[in-house]
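The structure under discussion appears below in the form of C-alpha cells.
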Amino acid sequence: MHTQNVNVKSAGEETAGRCDQNTCLTDRQIIDLFNWVFAATDDIPGAKCHDFTPPADAEELNVFEKGIPDYCAVWISNGWPVAAALPLDFLFRVVPANYF
C-alpha cells in the first residue's frame with residue numbers, strides 16, 4: 001500500500017491582492033475606489049473626459065475581470081484616488097484638486 005501526504009501544497013497560493021510600490025490593495029478594494037471616483041465626480045463639470053494624463057507621482061492600479069472586455073484603472077497620488085477609467089472605452093473621470 002502506498003501512502004500520500006495530501007496536506008502538501010505543490011504551488012504557491014493565489015492572492016486577490018497586490019502590492020505596487022506603497023499601495024497594497026485587493027482587486028475588490030481597487031474596484032471600490034473606481035466606483036467611488038465615478039460616483040463622486042458624476043455631477044462635476046469637467047470631471048468626465050476622454051483623455052487623461054495622470055500626475056507624475058501617481059500610481060496606476062488595474063483590475064482585469066473575466067467576461068469584461070475592458071479593465072478598471074485607478075490612479076492613486078499621495079494616498080488618494082485622483083482618477084479612474086475604463087481605458088479601452090475612452091471613459092475617464094478625474095477628481096478635481098479641490099477635493100483634497
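Derivation of every value follows stated rules applied to the coordinates shown; laboratory data play no part. Predicted model, so just to flag it, every value in this text is computed and none were measured. Every residue, glycine as well, gets a Cβ built from its backbone with ideal geometry; the counts of neighbours run over all protein chains shown.
Using Cα-Cα distances under 8 Å and only pairs 6 or more residues apart, what relative contact order does segment 20-99 have, in percent?
RCO, segment 20-99: 31 percent.
Hey, what's the Cα Rg ratio for segment 20-99 versus the globular rule of thumb, 2.2 N^0.38 Å?
In units of the 2.2 N^0.38 Å rule of thumb, it is 1.02.
Just want the ordering: 91, 33, from fewest to most Cβ atoms lying within 10 Å of their own Cβ.
91, 33
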